[in-house]
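So the structure is just underneath, and the comments pick up after that.
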Amino acid sequence: MVRVRTWRRVLGWVLLSALPVLLSCSSLQRGGEAWWQARRDPSGQALDPRTTPEAIVQVYAARTVGWRGVLAVHTWIAIKGTDAEAWTRYEVIGWGVDHGLPAVRVNSTGPDNYWFGSRPELLVDARGAAVEPLVARIESAVAAYPYPHSYRTWPGPNSNTFTAFVGRQVPELRLDLPPTAIGKDYLPGGALAAPTPAGRGIQVSLLGVAGLMAGWDEGVELNLLGLSFGLDVKGPALKLPVVGRVGPR
């Protein structure tokens, strides 16, 4: 009986915490604004390449469009080589794939732009001379992504599958994807085990439907039907579905 009451309290707390997200995701409909009219301007987190000669790698996450934004984020990678005059943004987008468009898109918008009304969170911000070799390796990882023409919202492959794949190929990024990055647990080729995206841990996964992750950067995460529950001991913080990370980064 005590355990039942405890779980009820935890569930109630999660639902209460998710209320602001639910309201924000429905605000566009209440305001009469269609999703394609939502803001997509720069968020001011990416430096001007014309005045910043150093190499930079950034990874972003933003709530997805519509009702899916209640549960999940969309992630992407932006790179700028030394003395490059422009950013290059890589991501996987599902729209149009059924009609022959590639899943991997390049420069669909600016490196740090709002994602249809959602301000992106900066997950990785690496810069300097040591980053220059990583830029080339990221480009090689993008080219090696095994699902360039496939997209599936759940369990994957999707945008988070792509970002996690690149992270595993370039573990120096120490990419710790949020628990709301549904699809990050979908391992290419149906593999049962792989390094974590941050490279300092291991994860096992059953086609992205269920799995377990343990790593220095990620802590411990349990994935069940795309919903992640975990504990970050490095932070420390809780990791929950819908609300994401609860605690300091």
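The values are calculated or read from the model by the stated rules, or taken from the named source; none is laboratory data. As the structure is a computational prediction, the values presented were derived from the model and not from experiment. Counting neighbours? That spans all protein chains shown, and the Cβs are built from the backbone with ideal geometry, glycine included.
A few remarks follow.
- Ala84 at pLDDT 95 or above and in a loop (DSSP other than H, G, I, E, B): yes
- Whichever residue in the range 90-119 is outside any strand (DSSP E or B) and among the hydrophobic types (A, V, I, L, M, F, W, C) and, among such residues, is surrounded by the most Cβ atoms within 10 Å (Cβ to Cβ): Ala103
- The residues on offer are Ala62, Ala46, Ala78, and the sole one that is crowded, with 19+ Cβ neighbours inside 10 Å and without any contact (Cβ under 8 Å) to a residue 40 or more places away in the chain is Ala78.
- Meets criteria (at pLDDT 95 or above, crowded, with 18+ Cβ neighbours inside 10 Å, closer than 21 Å to Gly69 by Cα and β-branched (Val, Ile, Thr)) for Ile138: no
- In the range 45-68, residue nearest to Pro155 (Cα to Cα) [restricted to those that are in a loop (DSSP other than H, G, I, E, B) and out of contact with any Asp or Glu (no Cβ under 7 Å at 6 or more places or on another chain)]: Thr64
Results for (1) closer than 16 Å to Glu91 by Cα; (2) of a type in the set (A, V, I, L, M); (3) out of contact with any helix residue (DSSP H, G or I) (no Cβ under 7 Å at 6 or more places or on another chain); (4) surrounded by fewer than 20 Cβ atoms within 10 Å (Cβ to Cβ), shown as yes or no for each residue.
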position: Glu121; (1), (2), (3), (4): yes, no, yes, yes
position: Arg127; (1), (2), (3), (4): no, no, yes, yes
position: Pro133; (1), (2), (3), (4): no, no, yes, yes
position: Ala143; (1), (2), (3), (4): yes, yes, yes, yes
position: Tyr151; (1), (2), (3), (4): yes, no, no, no
position: Pro155; (1), (2), (3), (4): no, no, yes, no
position: Asn158; (1), (2), (3), (4): yes, no, yes, no
position: Phe165; (1), (2), (3), (4): yes, no, no, no
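- Residue, surrounded by the fewest Cβ atoms within 10 Å (Cβ to Cβ), within the range 211-249, restricted to residues that are of a type in the set (Val, Ile, Thr) and free of Cβ contacts under 8 Å to residues at least 60 places away in the same chain: Val233
- If you check Gly189, Gly208 for being surrounded by 16 or more Cβ atoms within 10 Å (Cβ to Cβ), out of contact with any strand residue (DSSP E or B) (no Cβ under 7 Å at 6 or more places or on another chain) and of a type in the set (Gly, Ala, Ser), only one passes: Gly208.
- So Ala194, is it closer than 17 Å to Val166 by Cα, out of contact with any Phe, Trp or Tyr (no Cβ under 9 Å at 6 or more places or on another chain), aliphatic (A, V, I, L, M) and assigned to a strand (DSSP E or B): yes
- Residue count for the range 197-218, restricted to those that are part of a loop (DSSP other than H, G, I, E, B) and among the β-branched types (Val, Ile, Thr): 1.
- Restricting the range 69-80 to residues that are outside any loop (DSSP other than H, G, I, E, B) and hydrophobic (A, V, I, L, M, F, W, C), the residue that is farthest from Ser228 (Cα to Cα): Ile79
- Of all residues in the range 96-105, those that are more than 16 Å from Thr161 (Cβ to Cβ) and either touching a strand residue (DSSP E or B) at 6+ places or on another chain (Cβ under 8 Å) or of a type in the set (A, V, I, L, M, F, W, C) (or both) total 1.
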